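Before any comments, here is the structure.
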Amino acid sequence: MEPVFRRRAALRGAAVLAAGAAVPVGAAAADEFPELTWRATAPGASPPPFRMRLISGIPAVAGYGTVVTLGPVILQAISHPAFPLLLRDTGYSSLTATVTGAVVVTDARGLSGRVPVTIDFPRVTMPTVATATVLTGTATLTGSPQLPAVRNPGRMTIKVEPGAKGAVTVFKDNGASNSFSSTLTLYPPTQNPLVATIEVR
């Protein structure tokens, strides 16, 4: 069943970051979503920070008392230009990653709920030159929390928690691979964690 916004379940629908039908008219454009900078750990290395932003899947406006389809929620992770060569210097040429974290959805009355989210990034081959590299992923809900319903129209916010976990697999050209865990943190931690807003009307 597709996640939806309803009159008494708008907050729950907003939080369900799951794949669904096409984004409805009125969805926010890519440049309307803020970028956040993250730092990730790796065994024996200190990768430079990378940027992440939402691209699509969260509408700018939700009609009060109507049904609005949400998703798919698409994100981009943009590497530091030095990262591709740093990875290749270790003998690996491509990677795939899964990030698990959470967002906090708050309605116009201040009622909020925490929603676990998983982001899957398909395998991407790193370029052979120093350049920013984009990984495009899809965010999905990983739990079924009971969240407070929106009973009044107004501005709904979606904020990311400042820490997340990553499961990364790196590959060599000959097919050999290595998997490891990573910790992700907002860098610097003073960034505004807001990633999207929805106006419930």
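To the nearest 0.05, how large is the calculated FRET efficiency for residue 174 and residue 130 if R₀ is 22 Å and r is the Cβ-Cβ distance? Intermediate results must be reported in sequence, preceding the final value.
Numbers: r = 24 Å, r/R0 = 1.08.
Rounded to the nearest 0.05, the efficiency is 0.40.
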Using 0.36 nm times the number of residues separating residue 35 and residue 61, minus their current alpha carbon distance, what extension gain do you get? 7.3 nm
For the pair residue 98/residue 190, report the inter-label distance in nm, with labels modelled 7 Å from Cα in the Cβ direction. 3.7
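Readers should treat all values here as calculations from the given coordinates under stated rules, not as data from a laboratory. From a predicted model like this one, the values you see are computed outputs, not experimental measurements. Cβ sites come from the backbone with ideal geometry, for glycine too, and all protein chains shown count toward neighbours.
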